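Have a look at the structure below, then the notes.
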Amino acid sequence: MKDTPINKEVVKRKLAESKISNIGKASIREIKRLINEIETETGEKYIRMEMGVPGLPPARIGTEAEIEALRNGVGAIYPEIDGLPILKSEASRFIKLFLDVDVTPENCIPTVGSMQGGYASFMTVNRMYQEKDTTLFIDPCFPVHKMQHKVIGIKYEAFDVYNYRGEKLREKLESFLRKGNIASIIYSNPNNPSWICFTDKELHIIADLANKYNVVVMEDLAYFAMDFRKDYSKPGVPPYQPTVAKYTDNYILFISSSKAFSYAGQRIGLMVISPKLFSTKAPDLKRYYNSDIFGRAMIFGTVYSLSSGTSHSAQYGLAAILKAANDGTYDFIKEVKEYGEKAKIMKKMFTDNGFKIVYDMDENEQLADGFYFTFSYPGFTGEQLLEKLIYYGISAISLAITGSERLEGMRACVSLVDRKQFPILEQRLKLFNEHHKIN
Ligand SMILES: Cc1ncc(COP(=O)(O)O)c(C=O)c1O
């Protein structure tokens, strides 16, 4: 092996010591730990692209509101399980102003990160009808959602959407739904890891089939309004963040505050249940809950037993952030646009040096530049590439852990890469390209 930017002996030893049997299948946290250790021993800084964490300071309005709430003593008081009234009403305003969808404050429930919203939804939705006990993942996916299924013991099926964009999505979805066992469909949009964004046509197809087969659509908007090709930043003014909620009344939306408001540390998100689903009566729920009404089972059964609601001060923080966004005094999209600008530069560095972008189109449109991008290098699987790149001071994750069938692919997250590191990234990619000639 040629001379690499990171000491080969150290990498080899750390890889062996990590006891990770297959680096390509390692979890994001395992890779993070491995890279931390190599950095500490060698003193060399990596281009860290493995973790999807915000790289910006938290929304200040939220921090101030939380401090004030804590000073006022909310720390001693249990919050309402279904959320602070002020947060619930700002949330329903937010849904109207940024999605152009009507929900009541009752339908908006804060959760401990949108991660908990997912967990609570998987649990409750899959118990509504005895014969519907399986979730359908439109992959690639956020791997923790599948882990949640395994932990709870819920079945899932999945397919990679790569070859089923546009009208082709209909038949593929229907091939699963017509079996009758699917309770819900989940996907993230923009998608983690691939950054594909469903078109309105595709969202329409998902909704049509959800209506036809009485399936709940769980739309994970963890990267809310972060498709920077369009300007979704003006409250109450089109265009709006595209959503399946426009075309079906059988949905749950997860709105994370982690990325859009850089508020990951406070672990607060929103679960928005469509008015119709909220009031749906499903007698089979009685097997697990006191109520057979979905919204009540969710709040007084699932959310109560998971965490008795969400941190009181964080709710004040999020309420203040949403109010400012709704009033048009806080342009949260302007703050996060930096991710898209960095992605554009970084993607070019990769493609200039022999790498390919794996997921590259939304039907006929070039993919947006955003929080993540996917890449490959001729002649390598994603797993092999991940290991190789560690020697070049570049860390990312393999798409193999996301349900993607593009096994040559890797996911890069741009958030933690400082612009000052761009020359080093370029140098390392160039060297990799020189060492691995493409025929
Ligand atoms: C697609 C997706 N869903 C959910 C989450 C979790 O969000 P939260 O921090 O609000 O729990 C993430 C975080 O990376 C994500 O990428």
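Numbers below:
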item: Residues of segment 181-192 that turn out to be farther than 13 Å from Ile138 by Cβ and either touching a helix residue (DSSP H, G or I) at 6+ places or on another chain (Cβ under 8 Å) or not assigned by TED's automatic domain parsing to the domain that holds Ala222 (or both), as a count; result: 1
item: Residue match in segment 273-288 (condition: touching a residue at least 12 places away in the same chain (Cβ under 8 Å), surrounded by 24 or more Cβ atoms within 10 Å (Cβ to Cβ) and within 16 Å of the ligand (Cβ to nearest atom)); result: no
item: Inter-residue pairs, beta-carbon under 6 Å, first outside the structural domain of Pro143 (by TED's automatic domain parsing) and within 19 Å of Met226 (Cα to Cα) and in segment 408-423, second at pLDDT below 95 and in a strand (DSSP E or B), 6+ apart; result: Arg411/Ile397
item: Asp102 being crowded, with 19+ Cβ neighbours inside 10 Å, outside the structural domain of Ala396 (by TED's automatic domain parsing) and either under 27 Å from the mean Cα position of the chain (by Cα) or within 16 Å of the ligand (Cβ to nearest atom) (or both); result: no
item: Filtered residue count, segment 347-361, keeping only those that are out of contact with any strand residue (DSSP E or B) (no Cβ under 7 Å at 6 or more places or on another chain) and buried (at least 21 other Cβ atoms within 10 Å of the Cβ); result: 0
item: Single condition Ile77 does not satisfy, out of (1) closer than 28 Å to Asn191 by Cα; (2) more than 16 Å from the ligand (Cβ to nearest atom); (3) of a type outside the set (Gly, Ala, Ser); result: (1)
item: Candidate set from segment 193-213 (those that are surrounded by 24 or more Cβ atoms within 10 Å (Cβ to Cβ) and not hydrophobic (A, V, I, L, M, F, W, C)); member that is nearest to Leu99 (Cα to Cα); result: Glu202
item: Selected residue (criterion: nearest to Ala264 (Cα to Cα)) from residues of segment 116-158 that are part of a strand (DSSP E or B) and among the polar types (S, T, N, Q); result: Thr135
item: Tally, over segment 134-158, of residues that are out of contact with any strand residue (DSSP E or B) (no Cβ under 6 Å at 6 or more places or on another chain) and away from the ligand (no atom under 14 Å from the Cβ); result: 5
item: Positions within segment 1-25 being among the small types (Gly, Ala, Ser) and free of Cβ contacts under 8 Å to residues at least 40 places away in the same chain, in sequence order; result: Ala16, Ser18, Ser21
item: Single match in Pro235, Pro239 (criterion: closer than 30 Å to Arg60 by Cβ and without any contact (Cβ under 8 Å) to a residue 60 or more places away in the chain); result: Pro239
item: Residue count, segment 23-73 (criterion: farther than 20 Å from Tyr391 by Cβ, of a type in the set (A, V, I, L, M), away from the ligand (no atom under 16 Å from the Cβ) and surrounded by 19 or more Cβ atoms within 10 Å (Cβ to Cβ)); result: 3
item: Sole exception among (1) at pLDDT 95 or above; (2) within 15 Å of the ligand (Cβ to nearest atom); (3) over 20 Å from Ala325 (Cα atoms) for Ser114, by number; result: (3)
item: Residue check for Ala245: buried (at least 19 other Cβ atoms within 10 Å of the Cβ) and within 16 Å of the ligand (Cβ to nearest atom); result: no
item: Output for segment 248-261, where each listed residue is away from the ligand (no atom under 11 Å from the Cβ) and surrounded by 19 or more Cβ atoms within 10 Å (Cβ to Cβ); result: Thr248, Asn250, Tyr251, Ile252, Leu253
item: Residues of segment 337-365 satisfying the condition of being of a type in the set (Val, Ile, Thr) and either more than 20 Å from Gly52 (Cβ to Cβ) or not in a strand (DSSP E or B) (or both); result: Ile345, Thr351, Val358
item: Answer from Lys12, Lys96 - the residue that is surrounded by fewer than 17 Cβ atoms within 10 Å (Cβ to Cβ), among the basic types (Lys, Arg) and in the same structural domain as Gly403 (by TED's automatic domain parsing); result: Lys12
item: Condition met for Ala368 (outside the structural domain of Leu169 (by TED's automatic domain parsing), assigned to a strand (DSSP E or B) and in contact with a helix residue (DSSP H, G or I) (Cβ under 8 Å, 6 or more places away or on another chain)); result: no
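The values are calculated or read from the model by the stated rules, or taken from the named source; none is laboratory data. Just so we're clear, the structure is a prediction, and the values are computed from it rather than from any experiment. Backbone-built Cβ (ideal geometry, glycine too); neighbour counts: all protein chains shown.
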